[in-house]
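In what follows, a single structure is set out as structure tokens and then discussed.
The values are calculated or read from the model by the stated rules, or taken from the named source; none is laboratory data. Because the structure is a prediction, the values reported are computed rather than measured. All Cβ positions, glycine included, derive from the backbone under ideal geometry; neighbour counts span all protein chains shown. Protein only, heavy atoms only, side chains kept; ligands, DNA and RNA dropped before computing areas. Shrake-Rupley method; radii C 1.70, N 1.55, O 1.52, S 1.80 Å.
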Amino acid sequence: MNVYDGAELTDEGARFWLALDGWDAIQSVYLLCAIDPRKLNKWAEMSGGEIALDGFPAHFDSLESMLAVAFDASALHSPAKPSDVIAWAKSKGLRMPKQLLDAHAAGQVAPTPEPVATIEGIPGTLPLRGAGRLAIKAAWQIECETKRRASAKEVMTLLQAWADDGKESDTLIKSLPAKRAVLWLTAKSEHREYATEACRDTLRRWNKSRQ
């Protein structure tokens, strides 16, 4: 299944994404490649499992790496304002999707205030993407509420609740209570399980990085 046969970014899709408060790194990669992340998620939901996609542009992997560095170096903050992502892409001389350029030029980027609390405020070194990054986000939320470090069990319980509630739906697909895990979606729409043991390793590395 070619990624542009149904998941291509349309003018309507560009208007939707430009009206949002911000994009994370993976959403930014897709959108700068003229791919609509919402449509990929719908494909995954309809298939009920992993879907095989081809036809990704040749520069997809290099752009993903560039954006990961930009977010990690705080050149961009997650969630990044759409206008900031577009400005960053222009500063790098990257080819921009016509749909984004047209909508942006028409002033269809909604003015957005700075978020009160975003993931870049979390101390230590965070995973660049995926379920591990969400695990740290959940752990920090628990720590702020309880004034103590979160356990892997507590984090997994919160991740499962987010999945059941449809929160972080660009990454979390569903909870897997029997496996003490969640199912999550990679940048290339592969379904993977993230279990308590992997969460424990994520927390161990994160806690060590902020000592």
Complete set of residues in segment 138-170 that are touching a residue at least 60 places away in the same chain (Cβ under 8 Å) and open to solvent by 40 Å² or more (accessible area, probe 1.4 Å): S169, D170
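Listed here are the residues, each with its yes/no results for (1) buried (at least 18 other Cβ atoms within 10 Å of the Cβ); (2) out of contact with any Pro (no Cβ under 9 Å at 6 or more places or on another chain); (3) of a type in the set (D, E, K, R); (4) modelled with pLDDT of 85 or more.
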| position | (1), (2), (3), (4) |
| --- | --- |
| G49 | no, yes, no, no |
| L76 | yes, yes, no, yes |
| D102 | no, yes, yes, no |
| A110 | no, no, no, no |
Close pairs (6 angstrom Cβ cut-off, 6 or more residues apart or separate chains): modelled with pLDDT of 85 or more in segment 1-27, basic (K, R) anywhere: G22/K81; A25/R129; I26/R129
Within segment 164-211, tally of residues that are assigned to a strand (DSSP E or B) and among the polar types (S, T, N, Q): 1
Residue list for segment 189-205, filter: more than 16 Å from V155 (Cβ to Cβ) and surrounded by 15 or more Cβ atoms within 10 Å (Cβ to Cβ): S189, H191, R192
Enumeration of residues in segment 137-151 that are hydrophobic (A, V, I, L, M, F, W, C) and over 22 Å from S78 (Cα atoms): A150
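Going through K208, K174 one at a time, which residue ends up being open to solvent by 50 Å² or more (accessible area, probe 1.4 Å), in contact with a strand residue (DSSP E or B) (Cβ under 7 Å, 6 or more places away or on another chain) and not hydrophobic (A, V, I, L, M, F, W, C)?
Working: K208 fails: in contact with a strand residue (DSSP E or B) (Cβ under 7 Å, 6 or more places away or on another chain).
Every option except K174 fails the conditions.
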Pair list, Cβ < 6 Å and 6+ apart or interchain, from segment 64-88 residues that are under 18 Å from T186 (Cβ atoms) to residues that are of a type outside the set (A, V, I, L, M, F, W, C): L67/S28; F71/S78; S78/D24
Filter result for the condition that a residue is at pLDDT 85 or above and either of a type in the set (K, R) or exposed (fewer than 13 other Cβ atoms within 10 Å of the Cβ) (or both), over S65, S83: S65
